[in-house]
Structure formats: structure tokens, C-alpha cells
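The values are calculated or read from the model by the stated rules, or taken from the named source; none is laboratory data. Predicted model, so just to flag it, every value in this text is computed and none were measured. Cβ sites come from the backbone with ideal geometry, for glycine too, and all protein chains shown count toward neighbours.
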Amino acid sequence: MSVIYILLAISIVVAVGFFVAFIIAVKSGQYDDSYTPSVRMLFEDELVKEKSDNSILTKKD
Amino acid sequence: MEHKTCFHCGLDATSSEILYDDKSFCCNGCKTVYEIFSANDLTCYYDLQNAPGATPKEVAGKYNFLENDKIVDQLLEFNNDDIQIVSLYIPHIHCSSCIWILENLNKLHPSVSSSIVNFGKKTVRITYNSEQLSLKNLVELLSSIGYEPYISLEDYSVGKKRIDRSLIYKLGVAGFAFGNVMFLSFPEYFEVGEFWLEQYKHLFRWLMFGFSLPVVFYSAQDYFISAYKGLRSKILNIDVPIALGALVLFVRSTAEIIFDAGSGFFDSLTGLIFFLLLGKFFQQKTYSFLSFERDYKSYFPIGITKINQEGKEESVQVYDIEKGDRLLIRNEELIPVDCILIKGKARIDYSFVTGESKTVTKKSGDKLFAGGKQIEGNIEVDVLNSVEQSYLTQLWSNDVFKKDKQLSFTTLTNRISKNFTITILLIALIATSYWLINDSSKALNVFTAVLIIACPCAIALSAPFTFGNILRILGKKKFYLKNASVIEQLAKINTIIFDKTGTITSNKEATISYEGETLSDLEESLLKSTLRGSNHPLSRSLYNLLADHDILTLDSYEEHIGKGIEAKHHEKNIKVGSAPFVGYSAVTSTLNTAVHVSTNNEYKGKFTFYNAYRKGLSKLFNLLKREYDLVILSGDNAGEKENLTKLLPPKAKLLFNQKPEDKLEYIKFHQSEGANVLMIGDGLNDAGALAQSNVGIAISENVNVFSPACDAILDASKFNELVNYLKVSKSAIKIIKWSFVLSFIYNIIGLYFAVTGQLAPVVAAILMPLSSISIVVFTTICTNIVGRKLK
């Protein structure tokens, strides 16, 4: 039953790992602006689309 | 005629006839921006949002102060070799297109290596190579695409602001510990006496103790500090019973595990702190794009052009201006100091200072006050006072700006908590003495149990959650409060004081009436075509007023700055503008602004502009008069007195010619007589009154532009709703009182267990979260019901 020491150790290490990740995330400013990233992540697709449009345009010219 | 809107900015482009790429534009400025974007493959800007742009303004020379290294240094966030980082506030940021274009700045200029938008704060943080691109060029680049940054004296030397994230850390620590302690304490809730549990329970208990340490000594430290401060100044605030409860919980639990007497209450302890911090976090709603602390610094420019003794122009920092300096004020620039006009014709817009939108014309030798904005051509002035000693800025040396309103105000929660703490201590003492007589072994147990169970978690939570939610609801209705305690203050108001200009009158609209000979159809369409070309605010409002006419092609068109406009169509000549300009010599005695018209040098008549009061004003006043004393304090002359008395209930007091200090003193006097004053104003001249009043509301046509320091900002379109917002604040207080009743019921149940000496950890662990969560649910439902009634 002393396996419980190992289990406890693992569970605490995992928990502390997540906790540290949270602190690092806050420290780096991820929670300072909670709106802009939600808009920014949608841009990628449009950029690609726009590039292909332009290549067609240049062909026409 | 087909209605067309500008592809770039969405304004009416029916009559501009500017076409490019099959798209219509309202002006050449908008067209130029489109050209820039299409040349750089950035037309995606227009796909994300319809007509997202703004017309770029003429900025030549405006940012010359950015050539001064000293000023630039203060604005930069980071400056090393050739890499510079700057954060700029751009008021126009309003949609996803804005984010997209600003984050793709490097396509417009390769020296920009990265740009990151913070939409909430309306800022963009730009990293660029300073050898190829100076800050001035960067600002001009942004201005040229319609994203002109706003740089004011407030930005000076605050480039490195520290953000306080301690509450999130504390909440994170408490939540982390709470979850883990819950897991560890779960086995002992039910399986007492089981073999394996008996063997390992010490390990579990010491682990819980370990998890609770950071919660008590880090997360909960604010409560201990606040309780200590309260006790030292002899106030029993809500943090006293909380700190007492947390302390007793920790000490008793530690003692229990040391003497192997039980599992302790670490689960309740960490849960309590977690819920309390959650409430604090919820209440801390801030509108990052608004500022409630503005003083003159946010209006004033950083740098200004000085003409030195050799007659050359140089940029100087505003604080370095000395008496006797000669300054050059450009068109659209703000006058930062009191001065005398030397050269040029001044037309000053004092709307920042007085809220009055009409401009004042000055001639050389006249005194100009700080805070005015020159709106016609360049002028040269001699400085009379330095910035700090100018008439406007001296208002801020009044004591009222130094004191914190919140400190002088006891909240409802703290008033309740005083009686609550005394009652709890009495119950604890009585119960302990009873057990000392009957069964002394239980006495200490009962004493600590009472303090633990009475810890007013639910009471402490009801106000933050109610106010926090009301704050959000009002924010959606365009009534932005500085913080939650403003709601409580609002509920206690009994006197409402209004400023006149800009507050109960609307700056946007004016009533225009025409006096003189009737204009023929041809003359009217000629007038309209003439006005179309002018950007003067009076021309614009007159243009919008005139009925639709065919637009004539003008043979000649000339704008005489400061006088009027002149145009010619076939043999017909028209002049629009000031009385002397159109050749009208009769003396006009009116206090109101007028535009005169003459055709073929024959005087026709004048259009007079009157103050337009906000729609629904008299209805609002009639609703308000039932419960509140109403006063109007105006800085203007009594010219509008007759009009106002007709509109307003007879009970309302009207006072004219009030200087900023007079307003402040008036409020101070009434407060000393026991009035709780709500001041509603808009200009910087109201700043003192807003600060002195119990609640100061700044009214604003556009909440993104600046308003003076205040407790709340109200969007002008919601002015009529004021009476309902006041009602909501009263309902909020009622909701809090009811949730107090609810939490008292929980406390009585808990006290029954405590006093009889049978408080098991499992009871506390159930009762505490249950009471907290039900209070949160109760206040959320009630506030949403109240909020739904608002339009």
C-alpha cells in the first residue's frame, strides 16, 4: 500500500505543474487582454484567401 | 439621386463624385487611404467590416515635437540601439478590421517588425527599427491611414506602467489549494475508523496543512491587513470577522492535527478564502478603454513650437515653457498656457474648458486662456504664465482633487458588520461560559466553532456579486461606473445638479431659424451648393438643414478663413458668412451665433443658431422632481433663462454665471447641510464640482473621447434613462439587504451546530460553500430581473 506515496507524489507534481503553468501565463500578460486574441485567431484564413486573390489579379495585369 | 456611401469611412458620398476602382469615396482623403491599402495588398481591410475607416486629418507640422529626443525618450517603452518599442493610444480602434490593419503595419513599412493591438485599451504596441523610421514618421504613417494616435501630456514619462496582477495570483493560489485540500479531506468525511485510512490520515492531514499555508499567508493577507487597519482606527469593518474566522480556523485546525484530535477545517478555510477572492475579482470590473481619473494632463499636448530669439522654430516640452516665451500655435492645436495673442487671427474653441461649442474670436493683444483650441490658421502668442500657474490648471490645486471619496464613506456591508461582529462575539462568550459550567472540556471547542461558522462569507459576498452584476448591466446600457461603491452612493442621492451647456443641451444638434427675405429656389440651391464645399461646422449643420436641391456646378468658389465663403454660378454671386463679410452693417444685439447671406451684394437675411435641449428633457425633470431637488448651474449668461423656465418644473433652481469655483462651493455648502449631491456635467470647468459631489457623472456624446475626472460616464444618448438608472441603484441596495437576511438564516443554522458543540468538519464543509453559492445565485437572478426592466 506504500504505492500511495508514489501516487500522491505524482498527483502533486502534476497539480503543481499546472499551477506553475498558470502563474507563467499570467505573468506573461496573457490575461491582460482577453478580447483581441479571440479576433486575431480568425485572421489567418482571410490572409491566405487574400493572397490567392492577388496572384490572380497580377496575372491579369 | 442614388444614395451612395463612402467605401472607406461610410459617410454620405452621394454628392462627392469621387470614384476610384468602381468605388465611391466621400473625399480625397478617404480615396488616398484606399489607394495606399490597395497598393500594398491590404484591401482585406474592407472585407472584415463594412466601411471601417476614418478620414485622415491634415497633420503636417503637428507632430514636430516628436523630433525632440527628450520628449521621444519619455514616450518610448524600450529603446536600445536601433530597436524602439512604443505603445500608442488610438481612439479610432473599434472593429476587427482595425486590429487587422494595425497588426499588418509591416506591409506598409518594412521597418516595423511587430505591432500588437490591445482592443480593450485601444492601444497598439509597435516595435520598429529607429534607424529607418523615426517615431514622428511612424505617427505620421498611422495618421495617413486614418489611425491618428492621441498623444497627451499624460503619456509623458509613464511609458513603463506596472500592471497589478496580484489578485489573479492570489485567486489562483487559493483555487489550487482549495481543490487539492478537498481531494485530500474527502476520505475522512465518511470513512472514519477504516484501516488504511487510519494508517495514512496523518500524511493526508499534513499535506492539507501544507496547502493551506500559502492560502493563509499569501492569498488572505489583504483581509488581515484591512482588519488590522480597521481595528487601529476603531472601525469594525467586514474584514474583522473574516480575518478572525480565518485565523481561528487555521489555529484550531493546526492544533487538531498536532494533537491528533481531528482532521481540522482546512477544506473550509481554503474554500472560504477562494470564494471571497472570487467575489473581489468579480466586483473588479474595469472599463479599460475609459479613464475616470483624467485631469488637464490628458488634454494637453506634450510638445509645442517655440520661436526662439533668432526667429527659428523649435519644439519644446510643455513643462519647459517659461513666462515671456514666444509660441507658435498651429491650426487645431491646444493652447497650453495663459498667453497674449501677438500675431494672427485667433478663433478659439473653449469646449474642453466650458463645454460651450461656440467659438470665440480674438484679435491681437487679447488674452487667451489655457485649454482653448485654435481652429483657424496659425497664431503667435506671448506666454504669461507657466503651465502649472495657468488659470485652468490652478483648479487642480484645490484640495478636493487630493482626497479619496471612498475613504469618507461607510458602506452598507461595513455598517452591518459592526453589529454582526459584536453579536457573534457575545454569542461565543455566552456559549463558552455555558459549557464552562456544564462540560468544560467542550468550552474551547464551542468558542472556536462559533467564530468559524459565523465567518460572514455570505455577507461579504452579497455586495460584490450584486454590485458587480449591476455594474455590468449598466455598462451594457452605456452607463459606465468607476467602481461598485458608486452604485451605493447613487442610491443615497437626494439632490441633482446639472450643468447646462453640453449636459442638458446637445452639442451635436442646434435649432436654426431664418430671418430675412425669402430665398428663391435658385438662391437656395446655390446656397446649398456653396455650403457643400465648406468644412466649417456651421456650414455643415446648415447644409444638413436645407432641403434637397439640385447641386449646381459652381463657376468659382473661395473660402475666406474666419470670414465666410464666396461662390459664383453664371451671373449669380453669393456670399455666406459673418455680418461684415456679406456687407451687412446693421448692429445685431443677439447673443446667439448667426450666419448671414447675401446674393449679388444684396443682403438677404441670417440663419440664427439656438441651443437645442436634449429630447425628453422636461419629461426627465418631471420624473426626477418627485424624489430629488433639482438645480441647474450654468457658466453661461442668463440668455436662455426664459427658455429653460418654460421647459423645467418650477421647483428647479436656475443659477447662471457660475465660475468653476462657484460650482464647487455651491455643492460644498449643500453637502454641509446634509445633501447628497449628484453632479452631472461635461466640461473641464465642471471638474471641481464633479470631484466635490458625492457622485459625479460626466456626460459624453462619444465615450471614447475625453471627459473630466468623474465617478461615472454616461453616454449622451441615454440621458433620458437617468431616472431608471437611479432606480436600479436603489433596487441593488434592496437585493443586498435580502441576501443579508438569507445569509443570516444560514448563520443561525450553523450557530445551532456550533453552540451545541457538534460542529463536524463535514458540516462546515457543506454549509459554507452552500451558503456562498446560494447567495451568488440569488443576487445574480435578482439583478438580472432588475436589469431586464431597463431599456
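Per-structure values
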quantity: Long-range neighbours under 8 Å by Cβ, at least six apart or interchain, first residue of a type in the set (S, T, N, Q) within region B:734-745, second buried (at least 17 other Cβ atoms within 10 Å of the Cβ) and not in a helix (DSSP H, G or I); calculated: B:743/B:456
quantity: Extreme residue, nearest to the other protein chains (Cβ to nearest Cβ), among residues of region B:104-117 that are surrounded by 17 or more Cβ atoms within 10 Å (Cβ to Cβ) and touching a Ser or Thr at 6+ places or on another chain (Cβ under 6 Å); calculated: B:117
quantity: Tally of residues being closer than 15 Å to residue B:256 by Cβ and more than 9 Å from chain A (Cβ to nearest Cβ) across region B:193-213; calculated: 7
quantity: Yes/no for residue A:56 being loosely packed, with under 10 Cβ neighbours inside 10 Å and either at pLDDT below 75 or not in a helix (DSSP H, G or I) (or both); calculated: yes
quantity: Residue satisfying condition, being of a type in the set (A, V, I, L, M, F, W, C) and under 33 Å from the mean Cα position of the chain (by Cα), within set B:763, B:755, B:776; calculated: B:776
quantity: Region B:627-645: number of residues that are of a type in the set (Gly, Ala, Ser) and under 28 Å from residue B:492 (Cβ atoms); calculated: 2
quantity: Any hit, region B:118-125, residues being touching a residue at least 24 places away in the same chain (Cβ under 8 Å) and away from every other protein chain (no Cβ under 14 Å); calculated: no
quantity: Members of region B:479-495 that are in a loop (DSSP other than H, G, I, E, B) and modelled with pLDDT under 85; calculated: B:482, B:483, B:484
quantity: Residue match in region B:5-19 (condition: outside any helix (DSSP H, G or I), closer than 28 Å to residue B:377 by Cβ and out of contact with any Lys or Arg (no Cβ under 9 Å at 6 or more places or on another chain)); calculated: yes
quantity: Filtered residues of region B:307-331 (kept if under 28 Å from residue B:708 (Cα atoms) and without any contact (Cβ under 8 Å) to a residue 24 or more places away in the chain); calculated: B:320
quantity: Of the criteria (1) crowded, with 20+ Cβ neighbours inside 10 Å; (2) at pLDDT 85 or above, which one residue B:153 fails; calculated: (2)
quantity: Residue satisfying all of: in region B:40-53; under 14 Å from residue B:99 (Cα atoms) and under 27 Å from the mean Cα position of the chain (by Cα); farthest from the other protein chains (Cβ to nearest Cβ) among these; calculated: B:53
quantity: Failed criterion for residue B:250 (all others in (1) assigned to a helix (DSSP H, G or I); (2) touching a residue at least 40 places away in the same chain (Cβ under 8 Å); (3) more than 14 Å from chain A (Cβ to nearest Cβ) hold); calculated: (2)
quantity: Inter-residue pairs, beta-carbon under 8 Å, first free of Cβ contacts under 8 Å to residues at least 60 places away in the same chain and in region B:12-28, second in a loop (DSSP other than H, G, I, E, B) and among the aromatic types (Phe, Trp, Tyr), 6+ apart; calculated: B:13/B:7; B:23/B:7; B:24/B:7; B:25/B:7
quantity: Extreme residue, modelled with the highest pLDDT, among residues of region B:302-325 that are part of a loop (DSSP other than H, G, I, E, B) and either crowded, with 17+ Cβ neighbours inside 10 Å or touching a Gly at 6+ places or on another chain (Cβ under 7 Å) (or both); calculated: B:325
quantity: Test: residue in region B:559-579 that is outside the structural domain of residue B:14 (by TED's automatic domain parsing), on the phi > 0 side of the Ramachandran plot and at pLDDT below 75; calculated: yes
quantity: Near pairs, Cβ below 6 angstrom, 6+ apart or cross-chain, from region B:761-777 (without any contact (Cβ under 8 Å) to a residue 60 or more places away in the chain) to any residue that is in a helix (DSSP H, G or I); calculated: B:763/B:753
quantity: Members of region A:19-38 found to be facing chain B (nearest Cβ under 8 Å) and not in a loop (DSSP other than H, G, I, E, B), listed by number; calculated: A:19, A:22, A:23, A:26, A:27, A:36
quantity: Test: residue in region B:182-192 that is within 11 Å of another protein chain (Cβ to nearest Cβ), under 50 Å from the mean Cα position of the chain (by Cα) and in a helix (DSSP H, G or I); calculated: yes
